[in-house]
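Student: One structure, pasted below without further comment.
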Amino acid sequence: MKDAGVRRDLGKFLRDVSPRRTLAVAEKLPGFGGPVLLAWAPEDKLFRFEHAERLAARFPNATIRRVPDSRAFVPEDAPDRLAQEIEAFLQAQGGGGVSARDVRGAS
């Protein structure tokens, strides 16, 4: 991370994460039965791929997609690839008519 502002924001985010709240939310995840897409950076060292696998196991209807050449912030590192993954996921769920252009325009 070369940008000082990004480093500052990441530090603030990580300091504000509450393990107690995170664990409380984690207990509720299996109750969500809708489709879930986890677009994950397989080479990331902060959020390792095993975390994606563990998270996916908590949802009854989860899909993991690897987004290579990205790190913790996939939307910043690989926005086009992420849009393609979202588009494919939505189409697989019956969300026809959504394109990668629509997904990119939503940000």
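Student: Just the residues that are of a type outside the set (Lys, Arg) and either touching an Asp or Glu at 6+ places or on another chain (Cβ under 8 Å) or assigned to a helix (DSSP H, G or I) (or both), please, taken from segment 1-21. Spell out the reasoning first.
Tutor: Within segment 1-21, the first condition is being of a type outside the set (Lys, Arg), and the residues that meet it are 1, 3-6, 9-11, 13-14, 16-19.
Residues satisfying the conditions are 4, 5, 6, 9, 10, 11, 13, 14, 16, 19.
Student: Would you mind telling me which numbered condition in (1) touching a strand residue (DSSP E or B) at 6+ places or on another chain (Cβ under 8 Å); (2) farther than 25 Å from residue 6 by Cα residue 66 fails?
Tutor: Evaluating residue 66 over (1) touching a strand residue (DSSP E or B) at 6+ places or on another chain (Cβ under 8 Å); (2) farther than 25 Å from residue 6 by Cα leaves (2) as the failure.
Student: Which one of 24, 39, 56 is touching a strand residue (DSSP E or B) at 6+ places or on another chain (Cβ under 7 Å) and either without any contact (Cβ under 8 Å) to a residue 12 or more places away in the chain or outside any helix (DSSP H, G or I) (or both)?
Tutor: 39
Student: Here's another thing I want to ask about it. Please go through (1) farther than 18 Å from residue 86 by Cα; (2) surrounded by 12 or more Cβ atoms within 10 Å (Cβ to Cβ); (3) of a type in the set (Gly, Ala, Ser) for residue 18 and return the number of the only condition it doesn't satisfy.
Tutor: (2)
Student: Looking at segment 38-57, can you tell me whether even one residue there is within 14 Å of residue 73 (Cβ to Cβ), surrounded by 14 or more Cβ atoms within 10 Å (Cβ to Cβ), over 15 Å from the mean Cα position of the chain (by Cα) and not charged (D, E, K, R)? Give the derivation first.
Tutor: Start the filter on segment 38-57 by keeping residues that are within 14 Å of residue 73 (Cβ to Cβ), which leaves 39-41, 43-47.
Restricting the remaining residues to those that are surrounded by 14 or more Cβ atoms within 10 Å (Cβ to Cβ) gives 39-41, 44, 47.
Next, from what is left, pick out any that are over 15 Å from the mean Cα position of the chain (by Cα): none.
So far as segment 38-57 goes, no, none of its residues is within 14 Å of residue 73 (Cβ to Cβ), surrounded by 14 or more Cβ atoms within 10 Å (Cβ to Cβ), over 15 Å from the mean Cα position of the chain (by Cα) and not charged (D, E, K, R).
Student: What are the pairs, 6+ residues apart or on separate chains, where a residue within segment 64-79 that is under 8 Å from residue 40 (Cα atoms) has its Cβ under 6 Å from a residue that is crowded, with 18+ Cβ neighbours inside 10 Å and among the basic types (Lys, Arg)?
Tutor: That search, which allows pairs on different chains as well, returns 67/81.
Student: Scan segment 23-61 residue by residue and report those that are more than 21 Å from residue 84 (Cβ to Cβ) and charged (D, E, K, R).
Tutor: Correct list: 27, 28, 45, 48, 50, 53, 54, 58.
Student: Next question. Report yes if some residue within segment 63-81 is over 27 Å from residue 9 (Cα atoms), modelled with pLDDT of 90 or more and loosely packed, with under 13 Cβ neighbours inside 10 Å; otherwise report no.
Tutor: no
Student: Evaluate the following for residue 6: is it surrounded by 10 or more Cβ atoms within 10 Å (Cβ to Cβ) and modelled with pLDDT of 90 or more?
Tutor: No.
The values are calculated or read from the model by the stated rules, or taken from the named source; none is laboratory data. From a predicted model like this one, the values you see are computed outputs, not experimental measurements. Heads up, the Cβs are rebuilt from the backbone with ideal geometry, glycines too, and the neighbour counts pull from every protein chain shown.
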